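Encoded as structure tokens, the structure appears first; notes follow it.
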Amino acid sequence: MTHALIASLRAAAGDMTPALARVAEMVLAQPDATLRQSITELAEVSGSSEASVMRFCRDQGFSGFQDFKLALAKELATDERARDSG
């Protein structure tokens, strides 16, 4: 079971600006909810801006919010399949 994206977020959170750290905290606390949120909704619940969410995604190596959500969805699906088969 791999947690590459989630592990990367946990490791990087301490070095982020306060706004980006709030985005990371929300993603880590509620990854499933993040998949259903728009960039505006994630910005609002994390107390940051849409620009901060985009910067967060790009800092993590993604082209944008949708690319980030796709990677997160793949990781969560892989983890779920591993739990179901184990």
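Entry note, segment 4-80: relative contact order of 29 percent, from Cα contacts under 8 Å with a spacing of 6+ residues. Candidates Ser8, Ala24, Ser52 compared by Cα position along the dipole of segment 4-80: farthest toward the positive end lies Ser52, with charges placed on Cβ. For the chain, a simple Cβ point-charge model (Lys and Arg +1, Asp and Glu -1, everything else neutral) yields a dipole of about 100 debye relative to the Cα centre.
Mean residue ellipticity, 222 nm, helices only, the chain: the sum of -39500 (n - 2.57) across DSSP H runs of n ≥ 4, divided by residue count and rounded to 500, is -23000 deg cm²/dmol.
Across all C-alpha atoms in the chain, the radius of gyration and Dmax reach 12.5, 40 Å.
Probe radius 1.4 Å, ligands and nucleic acids ignored: give me the carbon and sulfur share of the accessible area of segment 4-80 as a rounded percent. Kindly include the intermediate steps, with their values, before the conclusion.
Numbers: 2110 of 3970 Å².
Accessible surface attributable to carbon and sulfur in segment 4-80 totals 53 percent.
In this label model, Glu25 and Ala77 are separated by 3.1 nm, measuring between points 7 Å along each Cα→Cβ vector.
Report the paramagnetic label zone for Ala4: residues of segment 49-68 whose backbone N is under 17 Å from a point 7 Å from Cα along the Cα-to-Cβ axis. The answer is 58-64, 67-68.
The values are calculated or read from the model by the stated rules, or taken from the named source; none is laboratory data. Remember, predicted model here, so these are calculated numbers, not experimental data. Glycine also receives a Cβ, built like all others from the backbone with ideal geometry; neighbour counts cover every protein chain displayed. What goes into the accessible areas is simple: the full protein's heavy atoms, side chains included, and nothing from ligands, DNA or RNA. Shrake-Rupley method; radii C 1.70, N 1.55, O 1.52, S 1.80 Å.
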